[in-house]
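To start, the structure itself, in structure tokens.
A short reminder: the numbers here are calculations on the coordinates, not readings from a lab. Note that the structure is predicted; figures quoted are calculated from it, not measured. Ideal geometry is used to build each Cβ from the backbone, glycine not excepted, and the neighbour counts take in all protein chains shown.
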Amino acid sequence: MTNEGNAKLTRREMLRTWLAAGGVVLAGFHELRLPAFCTDVKEGAFRGGRYLGPIEFLGEGRIPMDTLMDEGLDGRLYTDLSSISPDRPVIPTKTFFVRTRASTLLDEHKPWLIKAGGLVNKTTEINIADLRKMAKPAGLHLMECSGNVRLGHFGMLGVADWRGAPVSELLDSLKVDKAASHVLISGFDRYPFASFTSVPGASWIFSLDDLRSSQAFFATEMNGSDLTKDHGAPVRLVVPGWYGCAWVKWVDEITLLGEGAATTAQMREFAHRTMQQGVPELVKDYRPVIIEQAAMPVRVEKWVVAGKIKYRVHGIAWGGMRQVSALGIRFSSELDSREDFVPLDNFEQTTNDPWTFWTHAWTATTPGQYFIQLRVKDASIPARRLNAGYYVRSVEIIEI
Ligand SMILES: Nc1nc2c(c(=O)[nH]1)N[C@H]1C(S)=C(S)[C@@H](COP(=O)(O)O)O[C@H]1N2
Ligand SMILES: [Mo]
């Protein structure tokens, strides 16, 4: 069974899982043929070397990856991020993570209407054809589930190429009252069965300013095709830079509200994961669910170069509002080590959204278990999750 909330493993649990899981796993031949392993090895520390295979991350569970599991509210697909590379920065729709599958009660082929009301001149219904007319290419954006868990190999994270209608344009067409400061956006939420893990209903209330500044849009297409049912067909909200919990799927209602609006059940459910202070009752006390700067390794490769074993770490950085010039990495045998972070070998961020790929060469000095941890050098950059160790991954090194 999958459980989004089950993110924390104690150190003892991790050690136990390691013992059960064993150490090094070599890749099948199909892995060895991936172009990503070959393109950039001409440069630097791995020139002339031979790739021996990937090392698996320990203590992350044995969940099937890239596979749709369960139904409805409990439906999940965890994306295997271990083979992503700069030449394929977009996750194909088929393996893009899913958190909550479409309800069997939902018929996306019936004429779909979005009810627009509240503090507007006149209550209206927006149809999909109108929305499609307003849609334009929106580019690559990253979505991460705020409950992106270690047990799912942090596979609730992905980048897609979107097309949609800007929220700001749609709001302008609605003749919004002066008194409106916020907007409730909600999605179809009727399911035939109760969930083991989630409260049904996805409604989020945004300030109008936040929606404008984030350049949010109502997406009708993903990766060049109409949205699939599980990803929110016929229309979902995309809020670039925000956690997925605000990217409402199957949008069927837009309601303009004033300052005093109360938070929705979903906002309250996600308060802890989105690092709010307590569980805010009022929307004005609920902070934007912006993804702060984060980074993690996605693949550790074992190489032999000039007769010596070397490790090549591939990773990603994502989130944040300001670009960072350097990221530090640390390989330590203790989670709370005092050792310093060293700058990543190859990291150059040109945008916060979507992700940035990086690599780093590492020679382990002794066999054993290592925690791989990253840190933003500039302490003024918000990175609470990263700094709290949320994305620490570990490997067992047998050969040095
Ligand atoms: N209507 C609706 N929209 C929803 C949800 C939901 O349960 N119902 N889940 C949200 C959460 S928590 C996430 S992380 C994203 C996941 O989108 P995906 O399944 O397309 O990856 O959708 C969001 N939109
Ligand atoms: Mo989520």
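Amide H contacts under 5 Å for LEU257: LEU119, SER181, HIS182, VAL183, LEU184, restricted to partners 5 or more places along the chain or on a different chain, H placed in the peptide plane at 1.01 Å from N. Counting every other Cβ atom within 10 Å of each residue's Cβ, PHE270, PHE217 order from fewest to most as PHE270, PHE217. Distant-in-sequence amide contacts of GLY241, defined by a placed amide H-H separation under 5 Å and a gap of 5 or more residues or a different chain, comprise LEU142. Put simply, the amide H of ASN346, placed in the peptide plane, has neighbours under 5 Å in THR359, leaving out anything fewer than 5 places away on its chain.
Charges were assigned to the Cβ only: +1 to each Lys and Arg, -1 to each Asp and Glu. The resulting dipole of region 173-265 about its Cα centre is roughly 40 debye. Charge dipole (Cα centre; +1 on Lys/Arg Cβ, -1 on Asp/Glu Cβ; no other charges) of region 285-400 amounts to roughly 100 debye.
Across the chain, the fraction of Cα-Cα pairs farther apart than 38 Å, rounded to a whole number, is 23%.
What ranking, highest mean first, results for peptides 57-63, 353-359 when packing means the other Cβ atoms within 10 Å averaged over each residue?
Values: 57-63: 17.0, 353-359: 21.3.
Answer by packing, highest mean first, reads 353-359, 57-63.
With 0.36 nm allotted per residue and the present C-alpha distance subtracted, the LYS133-ALA179 stretch has 13.7 nm of extension available. Positive end of the dipole of region 134-289 (Cβ unit charges, origin at the Cα centre): among VAL167, TRP247, PHE217, the Cα lying farthest that way belongs to TRP247.
Could you tell me which of the pairs LYS249/LYS284; LYS110/LYS175; LYS175/LYS249; LYS122/LYS178; LYS178/LYS249 are separated by over 21 angstrom between their Cα atoms in the structure shown?
Numbers: LYS249/LYS284 23 Å; LYS110/LYS175 27 Å; LYS175/LYS249 24 Å; LYS122/LYS178 14 Å; LYS178/LYS249 28 Å.
Pairs exceeding 21 Å: LYS249/LYS284; LYS110/LYS175; LYS175/LYS249; LYS178/LYS249.
Think of each Lys and Arg Cβ as +1 and each Asp and Glu Cβ as -1; about the Cα centre, that makes the dipole of the chain roughly 560 debye. When the chain is described by a simple charge dipole with +1 on each Lys and Arg Cβ and -1 on each Asp and Glu Cβ, the residue from SER85, GLN293, GLY158 located farthest towards its positive end is SER85.
Between LYS377 and ARG287, what is the label-to-label distance in nm when each label sits 7 Å out along the Cα-to-Cβ direction? For the pair LYS377/ARG287, the computed spacing is 2.6 nm.
Between 0 and 90 degrees, the angle of helix 11-21 with respect to the longest Cα principal axis of the chain falls at about 70 degrees. Averaged over residues, the count of other Cβ atoms within 10 Å places the peptides 239-250, 89-100 in the sequence 239-250, 89-100, highest first.
Computing FRET efficiency as 1/(1 + (r/R0)^6) for SER225 and ALA265, where r is the C-beta to C-beta distance and R0 is 45 Å, gives about 0.90.
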